[in-house]
Structure formats: C-alpha cells, structure tokens
1. Is one or more of the residues making up the stretch B:267-289 within 14 Å of ligand 1 (Cβ to nearest atom), surrounded by fewer than 24 Cβ atoms within 10 Å (Cβ to Cβ) and more than 23 Å from the chain's Cα centre (by Cα)?
2. Kindly establish whether residue A:153 is closer than 19 Å to residue A:19 by Cα, touching a strand residue (DSSP E or B) at 6+ places or on another chain (Cβ under 7 Å) and within 16 Å of ligand 4 (Cβ to nearest atom).
3. Mind counting the residues in the stretch B:393-413 that are surrounded by 23 or more Cβ atoms within 10 Å (Cβ to Cβ) and either more than 24 Å from the chain's Cα centre (by Cα) or without any contact (Cβ under 8 Å) to a residue 60 or more places away in the chain (or both)?
4. Among the candidates B:459, B:435, B:511, B:495, which residue alone is surrounded by 24 or more Cβ atoms within 10 Å (Cβ to Cβ) and either assigned by TED's automatic domain parsing to the domain that holds residue B:213 or modelled with pLDDT under 95 (or both)?
5. What's the number of the condition residue A:83 fails, among (1) more than 23 Å from residue A:152 (Cα to Cα); (2) in contact (Cβ under 8 Å) with a residue 60 or more places away in the chain; (3) more than 9 Å from chain B (Cβ to nearest Cβ)?
6. Suppose we filter the stretch A:97-138 for residues that are within 16 Å of ligand 2 (Cβ to nearest atom) and crowded, with 20+ Cβ neighbours inside 10 Å; how many remain?
7. Going through the stretch A:49-65 one residue at a time, which ones are surrounded by fewer than 19 Cβ atoms within 10 Å (Cβ to Cβ) and either part of a helix (DSSP H, G or I) or in contact (Cβ under 8 Å) with a residue 60 or more places away in the chain (or both)?
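The values are calculated or read from the model by the stated rules, or taken from the named source; none is laboratory data. These figures come from a predicted structure and were not determined experimentally. Cβ atoms come from the backbone with ideal geometry, glycine included; neighbour counts cover every protein chain shown.
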Ligand SMILES: Cc1cc2nc3c(=O)[nH]c(=O)nc-3n(C[C@H](O)[C@H](O)[C@H](O)COP(=O)(O)O)c2cc1C
Ligand code: SF4
Ligand code: SF4
Ligand code: FES
C-alpha cells in the first residue's frame, strides 16, 4: 500500500428509518474527531454526496419499504466491501414493519382518499415517487449483510465499540450493556 | 346477554378455576367473546379484566370478534392437504366470496384453517362451530355450503355428516384383552396401594405421551409427596399432528381408560381426577359423560368405591380450546386452573406441585389404559411383549400415503418396514414418526425400530410417497409450530417464525446455501434454549431433512450466494394497482441489473 495512513472510506445512509441511528452515531461526541482521523465519508447524510463510490465500509440505517430503498441498498452492496445493518429497522424491519399486517392498498386509500378531512383526494402516481413495497423487509432479505448492529437505536458506545473493532480487524462483539432493545 | 351469562356462570358455580370451561360455553352460545362479556365475566368472577382477556386471547377456539354465524375451520395437517383440503377450501372461499380467515360481509360465515383435528385417517376434515366433519369431498362441501347459504341450524344437518369412523387395523395386547369393568380396581384394592405402585413399577410401563417416563416411578413420587390433596389427570389433548390413537381409545375403550385413572387414584390417594379432552373431539363428550354416569351407578366412581371406606374418587371432563401447547403437562394444569396454557418452570414437577400446587399424576390416555391391565393381570402381562427398555406394545396412528390408514397396535421393537407392509404403503419416500416434533425417516431407514431405544413415538406415523414434496411437508410442520408457539419464550416465538419464513422462501425457490446454514442454526438454538418441549422439538424435522433429503433443498437453490427472499417485483404490484402506474420505475428486477 502506498501509505499506511490511508483512511478507510465509509458510506452511510438512512432507508426506512427515522435517523435515530444516525443521531446515535453523532452521539459519540468528541470521539467523532478521533474517528475522522481513521475514516473519510463518502455518500452519507453527513456529506450530502448523492451516489456511492467504491468504499471499504457501508453502514445502513432503516429497512426496505419502497423501490428506491432497494436501489440504494443495491448501490451500497455493489460499492462497499463490508455492509453493516445498523439498528432494529435495518436488522428486522423495526417500527415501519408494523404496517406489515395491513394491506398497502388500504393504507394508501385511507391516507390519501378516505381519511378524515380529505376531499377529492387521490393517490399520488408521479413516476418520480418510489412505489411502496407490499411489506417492509429487513436488509438481508435482499442483499448479503456482513454485520448486524442491533438496538433501537444502538447506543453511541455500541457504535463506537463496533467501529473500533471493525477498524482494528477484530470481529465485532457487543458485550453486556451494549445491546439495547428499547 | 348478561342473563345468558348468569346461567353460564351458575352452571359453573362462579368458579374462576373453570374460566376456560365458562368461555367455551360463552362461545357456544354467542359465537364469540365480546369486550363487554369479558368485562362482565371479570366482575362476576372477581378476576382482573386483563386475566379474563388474556385467557380469551390465548386459545384458538375463543374468537374475540364476530367470526360469523358459521365458523368453518379446515384441518390443516399435511395429511389433510394431501387429501385435497386446499382445493376444497378454495372452492368454499369462492362460493362465499370471502377471503381466507375473514368473515363474509353479511356476517354469515368465516372460513379458515386450524391445526390437525386428529381425523387423519378420514381426512380432509373440518370443524363447523366446533363440530367435526370428516371425509370431505366436493359433494360434501357442496351440501355444506348450501346449508350455510340456507342458514340451516347445525342440529338439522344430516347426522351422517358428523359420523366419525373407527379403523382398528391391528390389535395386540391392549386392544384385544377384555375388561370386566371394576376388575382392575378390585385387583388394586386386594393388593393395597403400595403393592399396586410396586407392580406398575415392576412392569416397566413407560409413558405413552411422548417423554417415556416410567409410570410406576411417577406414581410412587406422587404418592410420597406431601399435600392437602392429590390429583390424577388423564392427558387427552392429543395435539400432535398425525396422532389419533387416544381418540379411538376414548371412543372404544373408555371404560378401560377410566379404570386406569381410578386405579391410579387409589395408588396415589387422589379424590379428584380430570380428563383433559381436546376441543377437536366434541363428539366424544356425550359418550364419555354417559360412561362416567354408568360407572358412578355401578359404584366404580363416587364415595367408598367397592365398599372401601375412604376410597372416594370422581372424574371431571375439562375440554380444551385449541392449543397444542396445552398437551404439555404443566401448561395443561394451568389450563385446568382456568388460565392461559403457558408451561410452568420445572422443577417442581407436577408429581409434587401440580393442580393447585398439589401432587398430581399426569398420564397419557394409553398409559392409563395399560396401567389398568398391569394392575389386573400382573407386571408380566406387559412384559411378554416389547424390548428390554420398551416393555409392551405401542398403539400407532397411521395416515398419509397408505392403503389402510388407521390404528395399529404393535409390540415395541417392530420395524418401520413391518408397519409399512401392514398398512399397505408403496413407493415410500419418507415417514414422519411421532409427528412434526418426532423423527423424519428416509426410505433407507426401514430397518429402524419403534421403541424408546431407537425411534420413540407418541403415536403418529405419517407416510409420504415419492410423489410428495418434502419441502411442502416441512413448510406445513413449520407453520404448525409457528402458529402453536405460546409466545412465552423468545427462542421459540422468534425461532418458529423464522423457520416458517425460511422454509417457505426455500420451497418457493428463493433460497441460497446460506439459508440452509441459517435454518440449521435456528433449529439448534430452539433446541438448546426453549422453555418447553414445543420449541425444543420444533426444528427436528428440518434438521432431519437437511441431513436426509439434502437434494430436495439443493435443487431449488439459486446460484447466487444471496438472493432476495421474496419476489421483489410482485411486492410492488398492490401499489401499482392503486396508483395505476406501470412505468419502468414501478418495477424491480429480481436479480441485480448490471
Ligand atoms: C408441546 C407438547 C405437547 C404435548 N402433548 C401431549 C399430548 O397431547 N398428550 C400427552 O399424553 N402428552 C403430551 N405431551 C407430553 C406431556 O407433557 C407429558 O409428558 C405426558 O402427558 C405424561 O404422560 P405419560 O407419562 O403417560 O406419557 C406433550 C408435551 C409437549 C412438550
Ligand atoms: S432502529 Fe430505531 S433509531 Fe434506528 S432508524 Fe429504526 S426506529 Fe430509528
Ligand atoms: S418453547 Fe414455545 S411453546 Fe414452549 S414456552 Fe417457549 S414459546 Fe411457549
Ligand atoms: S418487544 Fe421485544 S420481546 Fe417483546
């Protein structure tokens, strides 16, 4: 390698998530500066880069609720050597998957046409808008995921610990206290 | 409404222990349990409302919303499916223009599925408002649909529709020994309780309900356990798909089973006994009550039985409400106490802390029937048949691809081949012994023997010929466990759901090699860490199949290491439908575009 200090290139994104996991990532506070010595960010809400280039690591928050999510996930899988599902939504579908027992047609109809206060409603059909999937899926239903980081959101310490393990070449392990489900 | 409730409550002496029985009557009379009913029952029984609601919500046969005037449930065991139940259900759904599991718009009917109803030798079967109808054909479905359309009350339906046949194809020790009612009781009295227990112990009789615990040891421990009262429970929950031998024992040998319970009561010093009968067998209820009444009249139940002062014993029948887990003895006891059927922590075991925390013997129907003869004829009666560690015979329920489905009693040690020959099975691909929680055997294992030392069985013996798809069999088993998991512990609640998802994806051709590994991993986690036997055995069939039927999986695997586990494009179809879109962006490719 040309330089030993070559930084790891990292991309992150939020699919069907609430940005809570990204907020938790920011919660590592001043350790962010330490992290930035080791990594540089590619596509990420932190950089506003729109498309992912070749990366060492991809971190994804949120599951899959629409066609665009699937496209972004595939772009990440193609570009990143290692892909991490971060948070309950990415790992299991999480909160958005609560809609899975409803018929998506009924959902759209209720929200856009028959709900209270709606007159002359219609279901948006602009091709610019991604269509929702009939059910919300976790990431590993569509591509291979290398690591799962559970929690809703995973605590900042867990993310920090996890990234350190990964950067140092250790298989990440989350010990007692770092796995939270609420 | 609340006047009816008063009558039901009075019938059950306002006893909260009888809550499951009370709710059964409510469903019988009202069709479902409304929130208002739950509130009233809670008040009148002085129970927290959540307690009543929890019990109502636990059991499959307690609908808490209107389920239609006719609630039709197709038995969904793999043997029903093999006999054509899916097509028949589809016909009926179309005839009433109703979706699976939903109530028709006019509130007339709901059509859904239920776990195996124990009529596998005369399937496909269904329950209509709890009443069993076997041997379904297109013609039967046609006339049933017509009667529902015409809103004919169930009591006016032709009686032969409900006829349950008994097919006993081979009798051995148990089924051919005659019983004079009271003879075993007399033998026990003559010998005294301690010697009676000793005799059952000496016979080496082991439980026929699954676990195979030595019956005499169980009775001895119960007898020795201190308590205010002792109880005897006959486990007639028979929920393991493919098992129907207890049904036949209770229809044709009821006296013998009650004789066994009474002997057990004498041996352990019990005054009260329960028969926990699965709800799927309502047709047994009246004949069993009649047998009990006769036995009371003959002095074989009640006070001072056979003139022995202090030998008081009577039997109550409790009916379940559609929960496989209630066959697990501690869950069964919870259910007997009017609670949700969630298995207890064990130890303590029922023998020291069972019904109302008192010493309780729980035995399978077949075990008790055999115990009666052991007490009557001596320990050797049983030991003339069987093997060293499996004394006597086993009653098998044979179903699936065989010429003569039914009941076969064989000595322990009989080979799978012998059973297959007897029942007329050809082109055998696989046999599932002991039900979905048991063992899956391949064609090459016909030398294996039915006995505790090799292939134990609680009684089910389902045969699949070469035309069957093993993955569909596994998918059916996995759905059964996912549906029946009581949800108390995470390995089973989540594991059974994962297993069902993985198997259904694999069966549809959306699986990869990695999924095979994951499937095995989930099965092992369930086995190692579940709270009760349901979760511990829920992965058995999949593990067996991964070992013995690997090509059945492999031929459906994609070549990629990972591929989507569902049809991506189809999953956009509902949204396409309501938006009317069909542009490029409204579609997804299954494999990634380069
Ligand atoms: C999920 C589950 C279901 C069971 N279902 C039954 C059943 O339907 N009938 C039965 O006799 N035993 C059943 N058992 C076994 C009982 O827990 C218990 O071992 C048996 O009733 C004891 O009687 P035995 O010693 O005469 O076999 C089940 C166990 C489990 C874990
Ligand atoms: S896991 Fe929790 S915090 Fe993260 S995206 Fe989902 S809901 Fe938000
Ligand atoms: S193993 Fe399954 S059925 Fe048994 S207690 Fe746990 S969740 Fe309930
Ligand atoms: S919410 Fe996770 S186990 Fe109940």
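1. no
2. Details: closer than 19 Å to residue A:19 by Cα: yes; touching a strand residue (DSSP E or B) at 6+ places or on another chain (Cβ under 7 Å): no; within 16 Å of ligand 4 (Cβ to nearest atom): yes.
No; evaluated as a whole, the condition is false for this residue.
3. 1
4. B:511
5. Residue A:83 satisfies all of (1) more than 23 Å from residue A:152 (Cα to Cα); (2) in contact (Cβ under 8 Å) with a residue 60 or more places away in the chain; (3) more than 9 Å from chain B (Cβ to nearest Cβ) except (1).
6. In the first step, residues of the stretch A:97-138 are kept if they are within 16 Å of ligand 2 (Cβ to nearest atom); the result is A:97-100, A:136-138.
Still in the list and also crowded, with 20+ Cβ neighbours inside 10 Å: A:136-138.
Residues flagged as within 16 Å of ligand 2 (Cβ to nearest atom) and crowded, with 20+ Cβ neighbours inside 10 Å within the stretch A:97-138 amount to 3.
7. Hits for the stretch A:49-65: nothing passes.
Quick grid of which residues meet (1) in contact with a strand residue (DSSP E or B) (Cβ under 6 Å, 6 or more places away or on another chain); (2) in contact (Cβ under 8 Å) with a residue 60 or more places away in the chain; (3) within 16 Å of ligand 4 (Cβ to nearest atom):
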site: B:309; (1), (2), (3): no, no, no
site: B:321; (1), (2), (3): no, yes, no
site: B:324; (1), (2), (3): no, yes, no
site: B:341; (1), (2), (3): no, yes, no
site: B:351; (1), (2), (3): no, yes, no
site: B:354; (1), (2), (3): yes, yes, no
site: B:359; (1), (2), (3): yes, yes, no
site: B:363; (1), (2), (3): no, yes, no
site: B:372; (1), (2), (3): no, yes, no
